[in-house]
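Participant: One structure, pasted below without further comment.
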Amino acid sequence: MHDDAAVTSEVTDDLRRVIADAGITENIDLVARILVTGVGLGLDEANRLDLKITTAALTEMRAAFRLFAPYEDVPKVTIFGSARTLPEQHVYRAAAEVARALAESGWMVVTGAGPGIMQAAAEGAGPDRSLGVSIRLPFEEKPNAVIAANARNVAMKYFFTRKLMLVKESHGFVCVPGGFGTLDELFELLTLQQTGKAEPTPIVLLDEPGGMFWRGLQRFVDEQLVAGRVISPGDFDRVLVTDSVEAAAREITDFWRNYDSLRWVGDRLVLRVRAEPTDAEVESLNERFGPLILSGRIQRRGALRRERDDDDRVDLPRLVLRLNQVHVGELHRLIRAVNSLDSAPKGPARAA
């Protein structure tokens, strides 16, 4: 086995010349690392299958990045659900209605581009507000007509690259009853948020009126996972279980009512908000969330030096704290409290 250090300086210089000849002027160091890694795989004598997996994954990610790039500044919600759901089923109509409501609020809707719930969501959002990330399977249909109409779809060979793009680009998620795939996507979302590998985002489990699909899952979580102490008692609190389309759409938009974004600067967590909190509100947050803090207190302040250097949303007020990273999965509680402050804007806002 070889590491990147095994790639000689001469080869590295050659790769940098290739980059320069291609006209690449930004993020040269990262592009060089990608090329060096490819050379490293050759030095490792990786077998053909491993190289095919690597090549396909990079090719698919590039295609997906290009699909999403024009809509970088548009907030997106991903809607998950079964490909087998029929148009006459209530959850099909619910998926279409929540997609329509969010599209009317300025959001784009991302789906797996297939039939069933994916087609319902695309129909609700309309072709101009829909993006698709499909999977190539021998028994699945091609991208639904709504997605195909504007060619806003990228097809993936691997589920792991598809899930990356369905999650990476979105600021909220709605899950409608489905099978193994839907549950897999939901549990990946929960795992990423519980472990702090993804920034907090709203997650809605939408059912038909009186439906017990998600309530049954919630009961299993309480009776088996929490009772068995394999998750913490509040881990499922980040999720809204509802049979109301209006409540589902409101949960997505209201999460961004005051909270804008977060960033780690060294060991400090910076929460950017839309409205500056009062001294009394900051004091109240300290009283409520003191157990989450490793040291010091939650402080109200302006942009930190590194944020100013990067010109990173410097106009927004901030709350800065040293979060005990053991509690990173509980960040959603602090964000919801920030959204509920009297100083917070009253109307829903679009995600940053």
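Participant: Out of the residues in the stretch 313-331 that are among the β-branched types (V, I, T) and open to solvent by 50 Å² or more (accessible area, probe 1.4 Å), which is nearest to I298 (Cα to Cα)?
Facilitator: V326
Participant: Quick check on the stretch 250-264. Is at least one of its residues exposed (fewer than 15 other Cβ atoms within 10 Å of the Cβ), in a helix (DSSP H, G or I) and out of contact with any Ser or Thr (no Cβ under 9 Å at 6 or more places or on another chain)?
Facilitator: no
Participant: Right, next: Working only within the stretch 74-90, note down all residues that are within 28 Å of Y158 (Cβ to Cβ) and either surrounded by fewer than 16 Cβ atoms within 10 Å (Cβ to Cβ) or not aromatic (F, W, Y) (or both).
Facilitator: Listed by number, the residues that qualify are V74, P75, K76, V77, T78, I79, G81, S82, A83, R84, T85.
Participant: Mind checking which residues of the stretch 51-73 are open to solvent by less than 70 Å² (accessible area, probe 1.4 Å) and either under 28 Å from T253 (Cα atoms) or not small (G, A, S) (or both)?
Facilitator: L51, I53, T54, E60, M61, A64, L67, F68, A69, Y71
Participant: If you don't mind, another one. Residue check: is I19 over 25 Å from the mean Cα position of the chain (by Cα) and either open to solvent by 90 Å² or more (accessible area, probe 1.4 Å) or touching a residue at least 12 places away in the same chain (Cβ under 8 Å) (or both)?
Facilitator: Yes: the conditions hold for I19.
Participant: I've got another one for you. How about the stretch 33-60: which of its residues are hydroxyl-bearing (S, T, Y) and either at pLDDT 95 or above or within 18 Å of M156 (Cβ to Cβ) (or both)?
Facilitator: Passing the criteria: T54, T55, T59.
Participant: If you don't mind, there's one more thing I want to ask. Somewhere in the stretch 227-238, is a residue free of Cβ contacts under 8 Å to residues at least 60 places away in the same chain, surrounded by fewer than 21 Cβ atoms within 10 Å (Cβ to Cβ) and within 21 Å of V77 (Cβ to Cβ)?
Facilitator: Taking every residue of the stretch 227-238 in turn, at least one turns out to be free of Cβ contacts under 8 Å to residues at least 60 places away in the same chain, surrounded by fewer than 21 Cβ atoms within 10 Å (Cβ to Cβ) and within 21 Å of V77 (Cβ to Cβ).
Participant: The conditions are (1) touching an Asp or Glu at 6+ places or on another chain (Cβ under 8 Å); (2) open to solvent by 60 Å² or more (accessible area, probe 1.4 Å), and E276 fails exactly one of them. Which is it?
Facilitator: Among (1) touching an Asp or Glu at 6+ places or on another chain (Cβ under 8 Å); (2) open to solvent by 60 Å² or more (accessible area, probe 1.4 Å), E276 violates only (1).
Participant: Considering only residues that are open to solvent by 90 Å² or more (accessible area, probe 1.4 Å) and farther than 14 Å from W264 by Cα, which ones fall in the stretch 301-312?
Facilitator: R301, D309, D311
The values are calculated or read from the model by the stated rules, or taken from the named source; none is laboratory data. Everything quoted here is computed from the prediction, not taken from an experiment. With ideal geometry, Cβ positions are generated from the backbone for all residues, glycine too; neighbour counts draw on all protein chains shown. We work out accessible area using only protein heavy atoms, side chains counted, and drop any ligands, DNA or RNA first. Shrake-Rupley method; radii C 1.70, N 1.55, O 1.52, S 1.80 Å.
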